[in-house]
Every structure is written in structure tokens, then in C-alpha cells.
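What follows is a set of notes on a single structure, which appears directly below.
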Amino acid sequence: MNTQNFVSPDTIRSAFSAAMSAMYREEVPAYGTLMELVCDVNQSALDATPSLLERLKKTDSLDRISEERHGAIRLGTPAELSMMRRAFAVMGMFPVGYYDLSVAGVPVHSTAFRPIDDAALKINPFRVFTSLLRLDLIADEDLRNEAEKTLSQRNIFTPDAICLIEKAEHQGGLNDEDSKSFIDQVLETFRWHDEAIVTEDLYKRLHDAHRLIADVVSFKGPHINHLTPRTLDIDAVQLQMPERGINPKAVVEGPPTRDCPILLRQTSFKALEEPVSFINENGDYKPGSHTARFGEIEQRGIALTPKGRALYDQLLNESRKVIRPAADGSNAAEYARLLGDVFTAFPDNWADIRSEKLGYFAYSVKDADKLAQAPSSANIDDLIKLGAVQFDPITYEDFLPVSAAGIFQSNLGDDATQHFEGSPNQKRFEADLGASVLNEFEHYARIERETIEAVFSNICKLEAAE
Ligand code: OOG
Ligand code: NI
């Protein structure tokens, strides 16, 4: 076996996300318009703020600033989920985090497949928010059985995709030619199919149970339902969408605009009504429509510790107790104002966020001479005070359940809010996935700890050299 010939998973992921982007722009022209807007806004932000440009030059690849950072799919069965895990592994994407959306009226639970280490994230951070339908939350037993039967008859992967996944696992990688076919074959799973695999009657019954159930069960595969480029100014994109003829959701999800961005802010244009056809008993097709696909944008900030996250959740809850953002946007400005006010309780400078242990930071040597002179008893705080060490926020690479629910809801139709018994079941999800998910907090804590250890190992080296 010659591993030299294997294409790196990072390269496969980059090529896959580029292929998906091209396919989605062709399938959903409004998404192409959003991409153009994002590019323009990002350019203006860089022109207006030279310090931002300098900072991004150091940490990011500027030419890829406006590229997709994530996409989302919704799967129907445990077998689909576990094969999807194996497909993503070939691209260096692994399940991180568990999100229970049932509490928010959406009958799914989810994870995000993403690159994990810093080098891989830098090459291409593309991730896929992946949900599994929870048929156990459908109350109507007949409907549940029908949905299950329909799902059991579909095969969302091409036979060649499965062969190549198995080959990659067996060999430990794929060569150039195989990796190209792998991308082509796996892309098929994400493609839109306008011919439903159900009758109009079943579609309607699934749709009445929950719009999302109809979206998952009625089609040949789990079409990518949105892609999400990164923006440097989410408020500007939200504001300018209507000028470009695209209809934004009512409010930006997540924290308010701040000097020190935390976690994740997201917004989207509302899902489009698209023509589809339903199968008849006699095998003919009957025209209809389905609303599922949209475009989203994201802006990321610092990863919060459990303490910081608890404060974020508390402030978000407080705001939403006073004003729940209305789907029609009628109280959007009021909500944004209130959110801003309530979040003044969350420190908005990096030093306080760090000293109050609300966020995760990466530590590095700022001045080697000062470090060499530091007393051996100095801890990391002392080293910062001495000017020997600096700290930078670690970016949050994951998702937020309340925000995700808001994205789901605004794209499921504004009448779709429904109540399910909140019932997180991570054990079940992991059994279906065939693997456990990485705990995101432990992951960020480890990154932080390793940077601190690296600083102290520098001191040891300096002492040894004396
Ligand atoms: C996924 C919604 C969640 C996000 O960015 O929070 C999501 C979906 O609509 O399938 O993508
Ligand atoms: Ni999304």
C-alpha cells in the first residue's frame, strides 16, 4: 500500500465544498445573488477598516473570506446518518456537538461534521449541520409507519459512492482519480430532485404533521437545503438583501452587534417555493410545489466557556421573555434594541472576558526577552501583566440550538411553530451515528490548555539555554 499517492482529506473537502457551491448556485440563483452581495459587503468592510484587513491578513486567507463556511442536510434514517458519517470522514470531517431541536418545536436532533484541528480548519473550514428526523415524535402511528416505509425504500447514496467510501476506509485514503469520482458520486446525494417519491396525498399528510417531515421523507435524497458564506458585516448584508431582490428572515439570530464578537450570528433569506411533482398511483407525475431551500450568512466570534455560555443563554432568554421576534419582522428593530440593552451585562472587552473566564483564548509569546526574565513562579496571568505573553480569542466553530431553531422555523413557514415534548437523546443519536460526538467545550478547553503549555515549554527551553 502506497500512502504517498493519497489525496489529503483537506484537499478532498475543499474540492467537495467548491463543487457543492457551484451546484447550489446553479440550482438556486438567489443564492448566487446572496454570494455577490456578501463579496461586495466584505470588500467594503475591508476598505473601510484597514486594521481589519491587517488582522485578517495574519489569520485568514483573504481570497477565501467570502467562501462557504457551512451547509445543512436533513436525514431520514440511522443507516443514512451512519453512512454519511463515513462519507464525511473521507473529507476529514467529524461529528462535533449534539443539538436537540425538539425543545424548539423541530422534530430532529443534529450534529455538525467539521474539520477539527486548527491546520485543517485553516485549509478549509467547511462543515455540514446534519439533522436526523425523529419519527418517534410523530404522534400519528399510521403516518409514522408510512413515513418509515417510504424512507426504508430509498437509497440516498449511489453504489459507486458506497464503494469509494469503503475503499477509502480499507486503504486509508483515496488516490487522485478515486477522490475525483468520490466527489462526483457523493455530490449526487446532495442534489435537488424535483420529482417526489410520494403521492400528493401523503405529502400533505406529512406536511400537516410537520413541514420538515415532508421535506425529509418526500424526496429521493437529502438535498442540501442551504449554504452559508462568511460575512464581515452581517448587519449590512441583512439590510441590503431587499435591495438585491432577496427577502431576509425577520431578525439576525444569536448575540447582538458588539465590539468583541461572541459565538455566532446568522441570518438567511427565506426559503423559496419551488415547483416539484408528486407521483400518482399510476406512475404519472402531478405538478405541485415545495418550500425548503434558502441561503444563509454567518459571522463568528469567540468560543465561550460553559460559564460564558450560561450567561449568553440567560441573557438571550431574558430578551425573548420580553420580545419574541415576530416572523413578519414587525418588531425586529425593537428586538434588536432590547437585545443590545440586555447584553450590556456581557463584558465587551477581551481582557474582562478573559479574566471573568467567559471565553477561550489562545496564548502566545509576545516578548521572548521578557519571558526569559520572568520569575519561575510566574503564572499565565503574571506573564500577561509583564508583557511577555499575549492572548487572542479562539473562534467558535460550532452552532447554537436556539439560533438553529430560528433558522429552521423561518424557513419552514411562519405558521410552523409546533410543540413537541422536549426529549434530548444523545445516546440514541450516537448509537444511530455509530460513533460518539466530540464535546465542543472540552475541545476548546484543550486547545486553550495546549497553548498555555506551549508558552511554559518555551520558558523551559529558554532556561535550558541559559
Ligand atoms: C439546519 C438549520 C441549522 C444553522 O446554521 O444553525 C443551521 C436546517 O435548516 O436544516 O444550519
Ligand atoms: Ni445554517
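Just so it is clear, none of the values below were taken in a lab; they were calculated from the coordinates. All values derive from a computational prediction rather than experimental measurement. Virtual Cβ from ideal backbone geometry, glycine too; neighbours counted across all protein chains shown.
With +1 on each Lys and Arg Cβ and -1 on each Asp and Glu Cβ, and nothing else charged, work out how big the dipole of the chain is about its Cα centre, in Debye to the nearest 20. Before the final figure, lay out each step's value.
Working: 49 positive and 73 negative charges, 116 e Å.
For the chain, the charge dipole is close to 560 debye.
Tilt of helix 401-410 relative to the longest C-alpha principal axis of the chain, in degrees (0 to 90, nearest 10)?
Approximately 40 degrees, to the nearest 10.
Add -39500 (n - 2.57) for each DSSP H run of 4 or more in the chain, then divide by its residues: what number comes out at 222 nm, to the nearest 500 deg cm²/dmol? Walk me through the numbers on the way to the answer.
Working: 19 runs with 221 residues, N = 466.
One gets -14500 deg cm²/dmol as the mean residue ellipticity at 222 nm.
What is the distance in Å between the Cα centres of segment 99-125 and segment 342-395?
That distance is 29 Å.
For Q43 and Q373, what does the FRET efficiency come to when R0 = 45 Å and r is the distance between their Cβ atoms, rounded to the nearest 0.05?
Step by step, r from the Cβ atoms, then E = 0.50.
Just need the Rg to Rh number for segment 362-435, please, alpha carbons only, Kirkwood Rh.
Values: Rg = 23.5 Å, Rh = 17.3 Å.
The Rg/Rh ratio comes out at 1.35.
Along the charge dipole of segment 172-325, Cβ charges K/R +1 and D/E -1, which of G221, T291, H193 sits furthest on the positive end?
T291
Using 0.36 nm per residue of separation minus the Cα-Cα distance, give me the extension gain between K366 and R55 in nm, one decimal.
Numbers: separation 311, 0.36 × 311 = 111.96 nm, distance 1.59 nm.
Residue separation times 0.36 nm, minus the Cα-Cα distance, leaves 110.4 nm.
How would you order 272-281, 393-402 from highest to lowest mean count of nearby Cβ atoms within 10 Å?
Answer by packing, highest mean first, reads 393-402, 272-281.
Can you sort S268, S289 so the residue with the fewest Cβ neighbours within 10 Å comes first? Write down the numbers at each step before the final one.
Working: S268 25, S289 11.
Going from sparsest to densest Cβ surroundings: S289, S268.
Regarding the chain, what is the average projected area of its C-alpha convex hull, in nm²? Display every interim value, and only then the final one.
Details: hull surface 99.2 nm².
Convex hull of Cα atoms, orientation-averaged projection: 24.8 nm².
How many percent of the alpha carbon pairs in segment 1-151 exceed a separation of 26 Å?
Details: 4997 of 11325 pairs.
More than 26 Å apart: 44 percent of the Cα pairs in segment 1-151.
Rounded, prolate or oblate for segment 161-269? Axes are the square roots of the Cα gyration tensor eigenvalues, ordered a ≥ b ≥ c, and the cut-off for rounded is a/c under 1.5. Intermediate results must be reported in sequence, preceding the final value.
Working: a/c = 2.55, a/b = 1.28, b/c = 2.00.
Oblate.
Using alpha carbons only, what's the Rg to Rh ratio of segment 239-371 with Rh from Kirkwood? Walk me through the numbers before you get to the answer.
Working: Rg = 21.4 Å, Rh = 18.1 Å.
On the Cα set of segment 239-371, Rg over Rh gives 1.18.
As I understand it, the dipole of segment 335-466 uses +1 on the Cβ of Lys and Arg and -1 on the Cβ of Asp and Glu, about the Cα centre. Which of Q390, A445, I459 lies farthest toward its positive end?
I459
Relative to the Cα centre, what is the charge dipole magnitude of segment 150-226, using +1 at the beta carbon of each Lys and Arg, -1 at the beta carbon of each Asp and Glu, and rounding to the nearest 20 debye?
Values: 8 positive and 14 negative charges, 70 e Å.
Computed charge dipole of segment 150-226: roughly 340 debye.
Highest mean first, what order results for 40-50, 360-370 on Cβ atoms within 10 Å? Write out the running numbers ahead of the final one.
On the way: 40-50: 14.9, 360-370: 16.6.
Ranked from most to least packed, the peptides come out as 360-370, 40-50.
I need to check one value: relative contact order of the chain, counting alpha carbon pairs closer than 8 Å and at least 6 residues apart, in percent. Walk me through the numbers on the way to the answer.
On the way: 773 pairs, mean separation 90.0, N = 466.
Taking the mean separation of contacting Cα pairs over the length of the chain, I get 19 percent.
Could you give the distance between the Cα centres of segment 126-172 and segment 285-328, to the whole Å?
26
Segment 242-278 to segment 13-39: how many Å between their Cα centroids?
Going from one Cα centre to the other spans 16 Å.
Using the Cα centre of segment 292-373 as the reference point, and only Cβ charges (+1 on K/R, -1 on D/E), how large is the resulting charge dipole? Debye, rounded to the nearest 20.
Details: 12 positive and 12 negative charges, 49 e Å.
Magnitude of the dipole: close to 240 debye.
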